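This report concerns only the one structure given below.
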Amino acid sequence: MDCKNLPDDPAGTPETIQTQPLRVLAAVTDLFFVSKISAAARQAGCPIEYFRDPEKLRQAAAGEPCFVIVDLNVTGFDPVALIANLKASPTTRQATVIAYLSHVQHELKREAEKAGADLVLPRSAFSQNLLEILRQRSCHL
């Protein structure tokens, strides 16, 4: 069921529930995954923004609920440090962080979990379940 089109109150009184779509912020530069994530976000009704600068991503995440996707193999900055900084700051710790990586990168997975990632998945599982993950996360009432 789409969160934006909830049925009337079962007691018979129509009830209007206003929900903002969940913002998705992504530290992803791989064009294959940018395309895949964009398509899933569009299907889930979630606006998405991509960032190459971790400071700009942290600023965008400050103060409002959001969902952050981090490619743990992104180049140009330390993705584990990004996760740690998001979870350490009072203005961004509410962000849900999901990260993905190669299934053989066990140590990197442990580092991301220790930094505070809410979920760390192998690339294949992330790809296979992305739409469902976004739908579940966007239905917060």
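A few points about this structure:
- Label-to-label distance for Lys114 and Gln94 is 3.0 nm, based on points extended 7 Å past Cα in the beta-carbon direction.
- Whole-Hz couplings from phi, Karplus 6.51/-1.76/1.60, listed for the range 125-135; x for Gly and Pro: 5, 4, 4, 5, 10, 4, 4, 5, 4, 5, 5
- The phi-based Karplus calculation (6.51 cos²θ - 1.76 cosθ + 1.60; θ = phi - 60°) puts the 3J(HN,Hα) values of the range 47-64 at x, 9, 10, 9, 9, 9, 10, x, 5, 5, 5, 4, 5, 5, 7, 5, x, 9 Hz, whole numbers, x for Gly and Pro.
- P(r) tail, the range 20-138: Cα-Cα pairs separated by more than 19 Å, 39% of all pairs.
- Vicinal HN-Hα couplings computed from phi for the range 76-83 (Karplus, 6.51 cos²θ - 1.76 cosθ + 1.60; Hz; Gly/Pro x): x, 7, 8, x, 5, 5, 4, 4
FYI, it's all coordinate maths here, none of it is from the lab. On a predicted model such as this, the values are computed, not experimentally measured, just so you know. Counting neighbours? That spans all protein chains shown, and the Cβs are built from the backbone with ideal geometry, glycine included.
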